[in-house]
Amino acid sequence: MAEIVSLPEAVAELVRDGDTIALEGFTHLIPVAAGHEIIRQRRRDLTLVRMTPDIVYDQMIGAGCARKLVFSWGGNPGVGSLHRFRDAIENGWPAPLEIEEHSHAGMANRYVAAASGLPFAVLRGYVGTDLQAHTPTVKPITCPFTGEVLTAVPALQLDAAIVHAQRADRDGNVQMWGITGVQKEAVLAARRSLVTVEEVVDELDLRPDAVVLPSWTVRWVAEVPGGAHPSYAQGYYDRDNAYYRAWDPISRDRDAFTEWLSAHVLDRQGDG
Amino acid sequence: MAEIVSLPEAVAELVRDGDTIALEGFTHLIPVAAGHEIIRQRRRDLTLVRMTPDIVYDQMIGAGCARKLVFSWGGNPGVGSLHRFRDAIENGWPAPLEIEEHSHAGMANRYVAAASGLPFAVLRGYVGTDLQAHTPTVKPITCPFTGEVLTAVPALQLDAAIVHAQRADRDGNVQMWGITGVQKEAVLAARRSLVTVEEVVDELDLRPDAVVLPSWTVRWVAEVPGGAHPSYAQGYYDRDNAYYRAWDPISRDRDAFTEWLSAHVLDRQGDG
Amino acid sequence: MSWTADEMMSVAAARALRDDTACFVGIGLPSTAANLARRTHAPNLVLIYESGTIGAKPGRLPLSIGDGVLAETAETVVGVPEVFNYWLQPGRIETGFLGAAQIDRFGNINTTVIGPDYQHPKVRLPGAGGAPEIAASCRQVIVIVRQSRRTFVERVDFVTSFGYGSGPGDRERLGLTGRGPVLVITDLGVLEPDPRTRELTLTSLHPGVTVERAREATGWELAVAAEVATTAPPTALELETLRALEAADKEDQ
Amino acid sequence: MSWTADEMMSVAAARALRDDTACFVGIGLPSTAANLARRTHAPNLVLIYESGTIGAKPGRLPLSIGDGVLAETAETVVGVPEVFNYWLQPGRIETGFLGAAQIDRFGNINTTVIGPDYQHPKVRLPGAGGAPEIAASCRQVIVIVRQSRRTFVERVDFVTSFGYGSGPGDRERLGLTGRGPVLVITDLGVLEPDPRTRELTLTSLHPGVTVERAREATGWELAVAAEVATTAPPTALELETLRALEAADKEDQ
């Protein structure tokens, strides 16, 4: 059964130096506040996993939390580059960043395999690309019935997963709706999981369209209103596109970034 | 784009002697009327595929439509045996019935593989069972990353799939909700597909909980109110449990069955 | 208050389900017992049916694993592939609750064919359904089945669901993660696998049932525990709740 | 009515999309062109975004592939694994619509790194996203990209998305089911693969653009068709619709 705790408590229990963790969210419901709490708690040597690392991963990388990134698309959607991510890879600042690079189809299937308790997944992918040569976690596999050769990718084994959802009840049953990406898979793929929610309610009203994570599949739930900002929470608030654009100049410059980090993350408390 | 036609027209175009076809439905939304139309059109040598062949497959087998059955559970849910299915296997009446037998997990993954355009699927299944010895479409497969041995099953390639849904609009966009089993997978796995619906409406109201089959994924749509009876259509009518119980004595006796078949299927028109 | 052997069996099976756990429920006797448990000592028992209904709270007994009442009362309804791949396969579910047409001394179950020849069976049974993977992947399996020489056989004609195979170490050798059958509950008593030999051993008898009677109803030389307990008789509450459930079911017919 | 080269590019790309087909849309230029097409000649164009929104009808241009407006206006929203496995992979989608940071004469695309050393790139680009499988599995691929020597290179530094490899037969050898890039639409004109050599060949120039100019903007010896057409200029309707789309987008900023 999920325990309802504060964000700082949850993160302290959830994330340990050296862990492999995913903060998932496909444009919608990105657990940004939880990422900031990880930065505040000064976690180090993390392997960060996500299909679409965006601003919050840029911030965690710039803050020095990450040793490695496993991903399939690292950009500022609709704006351009992630400059902290680029600075780490191109110049090793603040520390060198090891990368393991996949396609979206491959990453999605790696989550599915882990959520399914399988060691690998099969897809038609990576064919003819240079990813095959640079990513050792892509291998050929032969169909035992037709002899056709396809592509295999290993399951994404996670120490911890964090996702953001609209609502939970006091027992820790979680509802999320709208674009839900691979969040369910990430939670089911992880040894430990945290769901931050816009609100904890006495009773979840019936939402047959919602993706539901029953309390017994989640370890911690923390109420963090606005916890997905600057991404959006359908039914609560819109995407703050201006923030994504404003991030570009801040993140281009190490000093501007460092200043921003102190002012907006390190010197603030669990309000993200 | 799906074409909206009558049930007899659709079945005439859809099903050919010798085809491999699935009429899917997991207790809910079973396309019974379409099965009766196949019997009326005297199709022969069909390979019938379904996870849970129930009364309508019992009727099609007894009527001599089937050469082979691919399945994972063949019973009258909550009542007992399928006696026409048993008579065909145990005594070869009206004709011998070849079987290819799987588990639910295996069949579900065979549909998923076909819907995904893959030749096979991987699961943890059949371990220690005698199914491995009797079902050639179950083979071991080794994980290229861990060396672990798992089970592979081939994709279910279908000539035709038939499912029943609550609603479609005049463009042939389909909505189904409630327990939807593997119906979406069956339609996406088939070369040709027919969806029978309770009603064709001018405008589909928003049902974010519905499984949607866009018009361009379906070949034919036929309006057949009550087309799932004696199974149920959530929001339209309940399961006719009395019919399932009444089927037991009818199906036990070849003459009683033959009489029933003439009276209730052969001598009636497309009303199922 | 008097009761039938079937009622005692359902009550004993219901008691075996712990509250706040998840249970993968087969139709028939398992479903009756699981719903009885949820109405008595285990209000937070999570019922999972292979139709994809998770956390169903049916007001009455479903006749099938896909009744509307399951979808309408479920915490969430997922597709059939998902319930097997995401929920059952990784071992998230505590208890798998199965019936049997035949069972042997090592808890191997047959629901496929009666007779030595698979191609030409004496009796063709419904088959596997979800059982092989339930028996493999749930953390533990509870079997509920009426005890007779027809059912409790020296050797099952077909292994549909794997128990302990031919004894200790077989599950481990096959890499099965679940513990296997931990309880076999019948209309006569309760059998449990011997920790050492894995052979099903009579550990409890229902009130009024003798060891002799259990032996007669078993197709092999039945192992009996040194201390055979007597099952506590059904309480009035258990009986009333069970009968109300079944009455509602009858009405529905 | 005058127009910019970018406007001509978006209009030409929009025209290339047939009505009543499905299009897997990347963000940026492809999304602009696809939404323009839906508002002009292709009202029944089915837009599919990798966030799982199928049949989206956004009222304004989404900034990301997962904007709320996509989910709220979609015929159906599916999970990300499903959109790739059930929808893209089997080849159900007619057109894959991609951008590029580098493209070579055989339509191979790089969106991963600039520079010869993958481990220590001169410029680290966002990476693959959905592109490798879009390029492999859609029945045809349309590329929209501004033409310059920086972008149109003799050899891409990294093959992120496979076009025709090193020429005829490569796609077939690799068992790729999709036809590959059939159109490359730029701010200068349109290139199409030569049916025999598969080399991208200039087949159309936008009004006012010369072959010379296209050659200068190409990092290899550009093949030019015997007959080079002139792209029909944007109609008033096309321009007004495009500008309305982009104005709404600006407001939103």
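Phi angles across segment C:162-168 convert, under the Karplus curve 6.51 cos²θ - 1.76 cosθ + 1.60 with θ = phi - 60°, into 3J(HN,Hα) values of 7, x, 10, x, 10, x, x Hz, Gly and Pro given as x. Shown here is the pair-distance distribution of segment B:67-173: with all Cα-Cα distances grouped in 5 Å bins from zero up to the longest one, the shares run 2, 10, 15, 17, 17, 15, 10, 6, 4, 1, 0 percent. Approximating the spin labels as points 7 Å out from Cα along Cα→Cβ, the C:Thr197-to-A:Arg16 distance works out to 4.3 nm.
With an 8 Å Cα cut-off and a minimum separation of 6 or more residues, compute the relative contact order for segment C:1-157 in percent. Walk me through the intermediate numbers first.
Numbers: 281 pairs, mean separation 33.6, N = 157.
Answer for segment C:1-157 is 21 percent.
Evaluate 2.2 N^0.38 Å with N set to the residue count of segment C:57-195, then give the Cα radius of gyration divided by it.
Working: Rg = 15.8 Å, N = 139, 2.2 N^0.38 = 14.3 Å.
For segment C:57-195, the normalised Cα radius of gyration is 1.10.
Compared with the direct C-alpha span, the chain from D:Ala5 to D:Arg215 gains 74.0 nm at full extension, assuming 0.36 nm per residue.
Other residues with beta-carbon under 15 Å from the beta-carbon of A:Trp93 carry, at +1 per Lys or Arg and -1 per Asp or Glu, a net charge of 0. List the trypsin sites (Lys or Arg not before Pro) within segment D:179-253 that fall in a DSSP loop (any state other than H, G, I, E or B) and whose Cβ has at most 14 other Cβ atoms within 10 Å. Those that pass, being in a loop and sparsely packed, are D:Arg179, D:Arg196.
Amide H contacts of C:Ser204: C:Val190, C:Ala229, each under 5 Å away and 5 or more positions distant or on a separate chain (H built 1.01 Å from N in the peptide plane; Pro and chain starts excluded). Sorted shortest first, the separations between the B:Asp45 label point and its copies elsewhere in the assembly read 6.8 nm; each point sits 7 Å from Cα along the Cα-to-Cβ line. The aspartates and glutamates whose alpha-carbon is closer than 15 Å to the alpha-carbon of C:Lys122, local same-chain residues fewer than 8 away aside, are B:Asp87, B:Glu90, C:Asp157.
With 20 Å bins beginning at zero, the pair-distance distribution over Cα atoms of the protein assembly as shown amounts to 13, 42, 34, 11, 1, 0 %.
Remark: spin-label model distance D:Asp117-D:Ala226 equals 5.0 nm, labels positioned 7 Å along the Cα→Cβ axis. Cα extents for chain C along the principal axes, largest to smallest and rounded to whole angstrom: 46, 44, 35. Considering all C-alpha pairs of chain B, those separated by over 36 Å amount to 13%.
Of the DSSP beta bridges with both residues in the protein assembly as shown, give the percent that are antiparallel, rounding to the nearest 5. It would help to have the intermediate numbers written out before the result.
On the way: 61 of 163 bridges.
Bridges in the protein assembly as shown are about 35 percent antiparallel.
List the residues of segment D:112-156 whose backbone N lies under 18 Å from a point placed 7 Å from the Cα of A:Asp248 along the Cα-to-Cβ direction. Zone members listed by number: D:124-127, D:146.
Going from the alpha-carbon gyration tensor of segment D:38-81, what semi-axes, largest first and in whole Å, does one get by taking the root of 5 times each eigenvalue? Present the calculation step by step, with values, prior to reporting the outcome.
Values: eigenvalues 59, 27, 13 Å².
Gyration-tensor ellipsoid for segment D:38-81: 17, 12, 8 Å.
Per the Debye formula with a single identical scatterer at each Cα and no solvent contribution, what log10 I(q)/I(0) holds for segment B:1-106 at q = 0.21, 0.24 Å⁻¹? Taking Cα atoms of segment B:1-106 as identical point scatterers yields -1.12, -1.41. For B:Ala105, the shell of other residues with beta-carbons less than 12 Å away shows a net charge of -1, using +1 for Lys and Arg and -1 for Asp and Glu. Short to long, the 10 Å bins of the Cα pair-distance histogram for segment D:1-126 hold 12, 38, 33, 15, 2 percent of all pairs.
How high is the relative contact order of segment B:41-111? Use alpha-carbon pairs under 8 Å, at least six apart in sequence, and give a whole percent.
Numbers: 117 pairs, mean separation 23.4, N = 71.
Across segment B:41-111, relative contact order equals 33 percent.
Across all directions, the average flat footprint of the convex hull enclosing the Cα atoms of segment A:113-259 is 13.0 nm².
Return a whole-number percent for the relative contact order of segment A:168-230, with Cα pairs under 8 Å and 6 or more residues apart as the contact set.
Numbers: 86 pairs, mean separation 30.9, N = 63.
Value for segment A:168-230: 49 percent.
With only the Cα atoms considered, segment C:135-253 has a convex hull volume of 147 Å³ per residue. Taking the label point 7 Å along Cα→Cβ, D:Arg18 and its counterparts in the other copies are spaced 6.1 nm apart, in ascending order.
Summary for D:Lys122: label point 7 Å along Cα→Cβ; distances to the equivalent points in the other copies, ascending, 8.2 nm.
Fewest-first ordering of C:Ser148, D:Ser51, D:Ser64 by other beta carbons within 10 Å of each residue's beta carbon gives C:Ser148, D:Ser64, D:Ser51.
No value in this document is a laboratory result; all are computed from the given coordinates. Nothing here was measured: the structure is a model prediction, and the numbers come from that model. Don't worry about glycine lacking a Cβ; one is built from the backbone with ideal geometry, like all the others, and counts go over all protein chains shown.
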